Structures are given as C-alpha cells and as structure tokens.
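**Q** Mind having a look at this structure? Questions to follow.
Read-outs: derived from the displayed coordinates by stated rules, not from any lab. All values reported here derive from a predicted model rather than from experimental measurement. FYI the Cβ positions are ideal-geometry reconstructions off the backbone, even for glycines, and counts take in every protein chain you see.
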Ligand code: MOS
C-alpha cells in the first residue's frame, strides 16, 4: 500500500505487515526454530497438592534408549529465583506446593521418548492436607497476614475516604450484594514454549532463548538472575507470539526448566506446554468474592461506595486480582472504601489475565449500578451521568481526558437504547425473552519507560529498533506507522526490528502500555535523528548514514492527571424461558482511548476483548476438585469458551479524543478495555429480559431456571 506523502500513516487502517508471513507459515514461533542436535523436555508433575517428594525412582526411565537426563531436586543445579517468585525455584527442594508442580523432568533425543520416560518415573510423596477452596467466611482472611503487599505491584490494598458506614446508614436508598467470579484460564493459540541454546565463546557461558514471552527484556533479566549470569550473556528472541493475554507476562517454571535442561545435557533443549498443562503451572485469573454496598439519594446520586474483594493467591508467589481498583476512579461519591484480602491456597500461582482487576471488578460494580438504577427508578445511563465525577475521586487529580459520558451517549444512539422500557419480562419473541443492558468500561492509560534507536542509510531506508514484542496485537504494524509519521516518510521506508533483547530496552506488552510507551520512545528517537540530520548535516543524509537513540524515563504528567481510557458497552440478549439458554445477538461498544493509530488492528483488539467478555459472562469457569486440589476441566472440551456460533453482531466504534498529556502521540492503549464491562452489560440485559439478577458468573442455564 503506497501512501501519498501528505497523508499520515497513523489513523490509516493498514493491514497487518506480518499478516502474510503468519498465514503462509513463514513466521517462525519459538518451537519451530531449526536447531541441530535439539533435545526434548517433558516434565513430570506432582499428583498431590501439598507435601514432600519422599523418593524418585527413575531407573526404568533412565534405562530407556534416548534418555539423556532425568532432572529433579536430587540433582538439579542451584538457582536464584528472580523477583522472589518461589514458583521459579524449579527443583530446588522436595516441597510440593500445588498439584501439577514440576517435580522431575526427562530430557531425551525425541519427544516420544521423553514422554514415555516421563510416564515411567515413579514419584513417592509424603502427603499433607491441602487448602484450596476460596470462601469469604474464612475468619483468617481478615487478619493482617492476608492483606496483600501491593495489589498488582503498585496499588495500595485498601483505600478509603469519608465515613462509609455512617453514609450507608443514612442513605435513603442503599444496596448490599455479593458478586462472584470464578477462576478462569487463559489459553493463547500458541502454548508456552522455550527453546534454549547454550554456548561458550571462551570468555564464559551464554544462552540464547527462543521464548513465548510478552517482554524480551524482562524474560532476559529473569533468566540471568536465575542462572547467575550477567544480562549480556542472555539473549531472548521472540519476533512472533501466538497470543499473550497476560499469560506470559511473568516467567513461569517451564522457561526456567528449559534453560536448565539445555545446560545439564550440554545440547539445545526445548519444551512446549501441552494444552492440559496450560491449565496448570502457568497462571490463571483468581476467582473473586466481591461485597458491594452502595448508598444514594433518591435522585440516584451516590453518597457511599464500599467494594470489598476477597481473592486467592498461591503459597509461592503473591499476586492480587485488583478487582476494587477500578471502583476508585469511576463515580463521584463523598465516602468510599475499597479493600483487597487474599487467601493463600495450595494452588498454582495465579497471574495477570486480560484486564486483571477491571474484568472481574467491573462485572460487580456495573451490575450493582444497574441494581441501583432499578432501586431509584432511573435509566441506568442517566444514573451514571448523575454520578460523573469532576475529578478523580481517589486522588483529586483532574482527568487528562474522560470520555465515559460521550461513550454512553454515542452508544445509546447507535444501539437504539430505549430508556422508556425498563420493566423486566416485557419484550419477547415466542419463548425467548428479550432484554437490553448497558455497562461502563475503563482501563488505565499507563506509559512505561522505553528506549529506541532509529538509523537511516544513504538510500533513505530507516531502521527502527526496540525490544518490543508483538503478542498478536498488531505492534509490528502500528509501530511502523508511528515511526513513519515521526520520520515523515511512507511506511514502506521503515524497517522495524522488535522481539530481541539485544535491541534497546522496553517493558513487556503489558497493561495496554505497549503502543503508548514504545511509540513514545520511537517518536523521540525519530525526532532526535531528524534534528541531527538538520543541525549536523544540513538536512541531508550523510553517505555513511546516521543514527540516533531516544526514549523516555516516565511521564511527568502522571503526577498531575488521572489518565484512563473509558467506554460503554451495550448488549441485547434473548433468554429461552424453557431452557435458560442465553443468546447474545448484539453487542455494541464505544470507546474513548485517545488517538487510534490503526482502526483495523484496534477494532480487532476490542472485538476480541468483547468476545472474551461474552465468554466470561456465559461460559468460562475453571472447576476445582477440592479432593485433588486441581482444576479438572483442563481442556477445550470441558472448559467452555464462546465459539463462532455464540457470537452475534459486534459493533465497535471510537470517540475522537485528543489527549495531549498521555504521550506525544496521544495514545491511551486498547489491548484490555474491550473485555471490561461486557459481562455486566450481558448480566444487566439478562435481568431486563427475565427479572433474574445473576450475581455469580458464569450465567449458566440453571441460574435462570427457578
Ligand atoms: Mo496484560 S493481562 O496486563 O498482560
């Protein structure tokens, strides 16, 4: 596609630049790199949820031709687990902290041999009683040891102002409900995979790692720490990634195991998690129990919000699903209270999963707002308009821009929202009850430090380098667009280099920060290159070419403004009166997320998010068997997800939003907001259709048959 030089690349719906490589199979993924002499790793997983390995008999496995090594705590090299994540202390002790934990591994000449040998390893355990069930009535949850350190790394666990209890007691209208969301597992198309290749150049050992990760710089640092290497001796390569969703933001045990195995056998080694293992030691979304209390005047104006969350985490690594965090910035109220408490259970480490906190938290808050609208006899959109805050209710900072009202109004218009028809069970088509619902979306606009390099050769070809990763979101394309505009050249003149830890440092594809942060660094490097060209070379490219480094250390505006993307989602549902089946013929989302760099890839992100929101509303639930302490529906036959036939029409659009504060390109980030609010919009529509309020996800058939 050629572009007139007067036309900006950003804002154009460019096809993915990596699309052809991907659909023709030319794009290589971690497991596919051809490496001579590669060996195969298959882990042996614990069959108990808590206790000790008392003995490992691997004699039969070792005797199998083609087996190169049997690794376990008995013979593994010593490691230093990075970030104090004890889940990464692979084979460092005989302790078992969850079912499915790696307790041994086979390295063999072929995958088949490794699998067979793994099945022949006899592990004996000293089993201890396990604790795996999240219950809100556990008295111990409310002791200080269960207050998380810092949900999500930087939010305070609790936040309060005013006097919530007094305001609730005095409120003319009040509501007190508990909402729950189940454990959910993310499953990108490409399972987690690591291929590790050690080498020694005479000055010391180095390792090259092809790894399915969301951030090459982070993964490199984790591996360097674990194996006691300097960062320069670890190179992580990840040009193409088949989906992320938070599942590979953190390093998981498989990556450490692969690097360890390659070192032990002295040959390249690789490990791909099976689909069933993707429901195991790789992270998942914690279930939540959310107690929400709202107090309001009869006019619907909030006087108090209390949102108290109980979630679970593992014994090995603390991670809090920060479900009450979005509540801190949504609505104006003089009194509020938000808390997070954690149960440490004998389960695998939970982790980030698309819009951690917002997905589950906004299901609860936006369901409660709908219930308040019913209580007050107000249209739910009008209720939200009446509670629109002038400044961030928690910090008192002004918003850099806040598009919720615009999204609600635009969405109502596009959807054909009918506030005159609020009574449940009034619309039907035969045995199908019809309802509509609305909910708000939000996600923070965060920018994380990044650096980039831009070089130009005498022929006017630009090379743009940054350790960004495209996890399937379109980063290859949008970063090329941003670079082209910053350099004032067509996209064809830009060659992008990403997915390699030797490139200038950047944070992972995480928290919807990628385009905003990497794009900022690229823009800065491009401006520096143009300045050098202008000031040092009279506006021309010198024969030897030219390069410039750029980047930014953080956004000072983050101290002055509250920066978030917002959206409004609308759903139409049909509920079968006889069977309880829910169909969603229409979903509509309008988002205010700053400038949209590429409407095509952006739409795909949000379309995927909303589809997942539908899946969360109706299908997804990881079912725990408390006897074994593990999730039993660990495959796509039993873990239900929305498929094509479940998805009707999805309408995605954007509000034009100019935000000069978020970054020089005005981008807020759109990777996660699409899933936020969808489940509430659907649950609210189900209430409108049936008069049944489902407060526990998923909205399974039995919950609608009373
Ligand atoms: Mo995203 S769940 O913050 O990787």
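**Q** Sort the following peptides by mean Cβ neighbour count (other Cβ atoms within 10 Å, averaged over residues), highest first: 380-389, 676-685, 255-264, 534-543.
**A** Packing order, densest peptide first, comes out as 676-685, 255-264, 380-389, 534-543.
**Q** Could you work out the relative contact order of segment 79-204, using alpha carbon pairs under 8 angstrom and six or more residues apart, expressed as a whole percent?
**A** 7 percent
**Q** Evaluate the relative contact order of segment 618-668 (contact order divided by residue number), counting alpha-carbon pairs under 8 angstrom at least 6 apart; express in whole percent.
**A** 24 percent
**Q** Highest mean first, what order results for 85-95, 302-312 on Cβ atoms within 10 Å?
**A** With the highest mean Cβ count within 10 Å placed first, the list reads 302-312, 85-95.
**Q** Next up: How big is segment 161-275 in terms of Cα radius of gyration and Dmax, in angstroms?
**A** 22.3, 77
**Q** Here's a follow-up. Quick check on the chain: helices-only [θ] at 222 nm, where DSSP H runs of length 4 and up contribute -39,500 (n - 2.57) each and the sum goes over total residues. Nearest 500, please.
**A** That comes out to -7000 deg cm²/dmol.
**Q** Under the definition of Cα pairs under 8 Å and six or more residues apart, what whole-number percent is the relative contact order of the chain?
**A** Contact order relative to length: 17 percent.
**Q** Could you list 33, 254 in order of exposure, starting from the residue whose Cβ has the fewest other Cβ atoms within 10 Å?
**A** If I rank by nearby Cβ atoms, fewest first, I get 33, 254.
**Q** Here is a further query. For 328, 425, 219, which order do you get if you count the other beta carbons within 10 Å of each Cβ and list the fewest first?
**A** In increasing order of surrounding Cβ atoms, one gets 425, 328, 219.
**Q** Once the Cα gyration tensor of the chain is found, what semi-axes does its equivalent ellipsoid get, as square roots of 5 times the eigenvalues, in whole Å, sorted largest first?
**A** Taking √(5λ) for each Cα gyration eigenvalue gives 41, 35, 23 Å.
**Q** For segment 661-696, list residues with backbone N below 17 Å from a point placed 7 Å from the Cα of residue 22 toward its Cβ?
**A** Under 17 Å, as judged by backbone N against the label point of residue 22, lie 670-672 of segment 661-696.
**Q** For 410, 547, what ranking results if the residue with the fewest other Cβ atoms within 10 Å of its Cβ goes first?
**A** 547, 410
**Q** In segment 548-603, what is the volume of the convex hull around the alpha carbon atoms, normalised per residue and reported in Å³?
**A** 173 Å³
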